[in-house]
Structure formats: C-alpha cells, structure tokens
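Structure record follows, encoded as structure tokens.
Where a number appears in this text, it was derived from the coordinates with a stated rule and is not lab data. Since the structure is predicted, the reported quantities are computational estimates derived from the model, not experimental observations. Reconstructed Cβ throughout: ideal geometry from the backbone, glycine too, with neighbour counts over all protein chains shown.
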Amino acid sequence: MTCTSFGDGLVPYYQDVYDHMLRAAEWTDSLRDLVTSILETNLTIQGNRLNIITKKVTGWAAIIAVPTLITGYFGMNVPYPGFSEKADFTASLAAMVLAGLVLYLIFKRKDWL
C-alpha cells in the first residue's frame, strides 16, 4: 500500500502526526534525563549527609574511647604504680576530662561535631 492509495491530500496530515510523535518522543526522552539527574542529585545529597553523620559519630566514638581506655587501665585488679591512692584517682579523672575536652575542641574546630 502506498500513500497514493489514501490520497495525496492526506500526506500533509500524516507528516504532521509524525512530527508530533517525534516531538513527544524527544520530550519524553528529555523528561527521562531530567528525572535521572534529579535522582542522582538526591543520591549525592544523601551520601553527603551520611558522610557528615559518620564524621560526627566517629568524633563522639573517639571522645568516648579515651575515658574507656583510662578506666580500663585503672580498673584492673592487679597492682600498678600508685594503686589505691586518691591522687591516682584524681589524676585519672583529670586525664579523662582533659582528654575528652581536648578531643571535643579539636573535632569542633574541624567541624566534625
């Protein structure tokens, strides 16, 4: 079947329908690309948020690890230099507070907290 069987008068209409179909297909492709880039942007934003949260959790874990180390050492049931003396308790408490404060200030300055 050729176009002449439908009549030469309908060819411009078929060409118009074809042009509209091509325009709709191109528009659909551009919308698909737009949605893809929006989704990729959203994933990038989520990844950045996760990195920020991970930095904060890591900072707090480091701050908590120092007192844990000190209390683990001084909490042993074996004698160590200064065993059962109030000065050592005060020194260990001061070391925990000072180390925690120093780490807090460092991480706050680096924007991890």
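Observations on the structure shown:
- Within the chain, the ratio Rg/Rh, alpha carbon atoms throughout and Rh by Kirkwood, equals 1.69.
- Seen against the Cα atoms of the chain and their longest principal axis, helix 86-109 is set at about 20 degrees.
- Cβ-defined net charge surrounding Thr54, 15 Å radius [Lys, Arg +1; Asp, Glu -1]: +3
- Most to least packed among 49-58, 9-18 [average Cβ atoms within 10 Å]: 49-58, 9-18
- Crossing angle, helix 11-74 versus the chain [Cα axis fit, 0-90 degrees, rounded to tens]: 0
- Per-residue ellipticity at 222 nm computed for the chain from its helices equals -29500 deg cm²/dmol, with DSSP H segments shorter than 4 residues left out and the rest contributing -39,500 (n - 2.57).
- The label-point distance for Asn48 and Leu22, in a model that sets each label 7 Å from Cα toward Cβ, rounds to 4.0 nm.
- Projecting label points 7 angstrom from Cα along Cα→Cβ for Tyr13 and Phe89 puts them 10.0 nm apart.
- Springs between Cα atoms under 10 Å define the GNM used for the chain, and in it the highest mean-square fluctuation of Gly75, Gly59, Gly47 occurs at Gly75.
- Relative packing of peptides 21-29, 61-69 - highest average C-beta neighbours within 10 Å first: 61-69, 21-29
- Inter-site label distance for Lys108 and Val66 at 7 Å from Cα along Cβ, in nm: 1.3
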